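Everything on this sheet refers to the single structure shown next.
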Amino acid sequence: MTSTSCNRCRAATEIIVVNFADGEAGPLRIRLKEFPLRACVERHHQFVRPDFAVELLRHLTEEDEPQLPAGEEKGLIMKKYLCESCGEALEPKPDHRHTFSIEVSLVDLDPFGVDLSMPVYKCSTCDKEQLHSLKEVRRLTPAAMAHAFEAANIPPPPGAI
C-alpha cells in the first residue's frame with residue numbers, strides 16, 4: 001500500500017519528479033535522472049512507495065547490469081580480471097571512464113534514467129573495452145544508490161537504520 005501522507009509531518013504528498021541525484025561508492029558513480037518521489041508542502045521527501053528502492057536495486061542488478069560489458073573476476077586474494085570475449089588478462093590500469101545510460105521502467109511509474117559511470121579496461125589482445133567485473137558493479141550499486149537518495153533528501157525508510 002502506498003501512503004499519500006508525509007511520513008514525517010503527516011501532510012498530504014504529491015508525486016514530483018527530481019531532475020537528478022548523484023551518488024558514489026568506490027569507482028562507481030550513479031546518477032538517477034527524472035525519477036519520481038513524494039513530497040509534501042514542507043518539502044519532506046519520501047519514496048513513491050515503500051518498496052521503490054528495493055525494486056530499483058533489483059531491476060539494476062538483475063536486468064540492466066548483466067547487459068554491461070564486463071570481464072571475469074578470478075582469485076580470492078590476488079584478483080585478476082579476464083576479458084569476457086577472449087579470456088586474456090585485462091590491462092591493470094583503466095583506459096578511461098565510461099557512462100552507461102539505462103532507462104528504467106517500473107510498474108505504474110513513468111520511465112526514468114539511471115547513469116552508471118565506471119572505469120573501463122581494455123583488453124590488449126582483442127581491444128574490447130569492459131568493466132573489471134559484474135560482481136564489482138553489483139557490490140557497489142546499493143551504496144551508490146543510497147548516496148543518491150541521500151542527495152535527493154530522501155531519508156531511509158523507518159527501521160532501516
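FYI, it's all coordinate maths here, none of it is from the lab. Not measured: the values here are computed from a predicted model. For neighbour counting, all protein chains shown are included, and Cβ atoms are generated from backbone atoms with ideal geometry for every residue, glycine included.
Could you give the length gained by full extension between Ile15 and Lys79, i.e. 0.36 nm per residue of separation minus their alpha carbon distance, to one decimal place?
Values: separation 64, 0.36 × 64 = 23.04 nm, distance 4.46 nm.
Extra length from Ile15 to Lys79 when fully extended: 18.6 nm.
If you average 1/r over all unlike Cα pairs in the range 93-161 and invert the result, what Kirkwood radius do you get in angstrom?
On the way: mean 1/r = 0.0687 Å⁻¹.
Radius from the Kirkwood sum: 14.6 Å.
I need the Kirkwood Rh of the chain: take the reciprocal of the average 1/r across all distinct C-alpha pairs and report it in angstrom.
On the way: mean 1/r = 0.0585 Å⁻¹.
Evaluated over the chain, this radius sits at 17.1 Å.
Under the Karplus relation 6.51 cos²θ - 1.76 cosθ + 1.60, θ = phi - 60°, what is the ordered set of whole-Hz ³J(HN,Hα) values for the range 90-100, x standing for Gly and Pro?
The phi angles translate into 7, 4, x, 9, x, 7, 5, 9, 10, 10, 9 Hz.
First check a/c for the range 1-87, with a ≥ b ≥ c the square roots of the eigenvalues of its C-alpha gyration tensor; if it is under 1.5, answer rounded, and if not, answer prolate when a/b is larger than b/c or oblate otherwise. Walk me through the numbers on the way to the answer.
On the way: a/c = 3.18, a/b = 3.05, b/c = 1.04.
The shape class here is prolate.
Could you please state, rounded to a whole Å, how far the C-alpha centre of the range 1-41 is from the C-alpha centre of the range 75-89?
38
Sticking with the crude label model, points 7 Å out along Cα→Cβ, report the distance from Asp95 to Asp64 in nm, one decimal please.
It is 2.3 nm.
Can you tell me how much longer the chain between Ser105 and Ala151 gets when fully stretched, taken as 0.36 nm per residue apart minus their C-alpha distance, in nm with one decimal?
On the way: separation 46, 0.36 × 46 = 16.56 nm, distance 2.18 nm.
Value of the extension gain: 14.4 nm.
Give me the lysines in straight-line cross-link reach of Lys79: C-alpha distance below 16 Å, same-chain residues under 8 apart excluded.
Leaving aside lysines fewer than 8 places away in the same chain, those within reach of Lys79 are Lys93, Lys135.
Order 55-67, 72-84 from most to least packed using the mean count of other Cβ atoms within 10 Å. Working shown, then result.
On the way: 55-67: 15.2, 72-84: 13.2.
Ranking the peptides 55-67, 72-84 by packing returns 55-67, 72-84.
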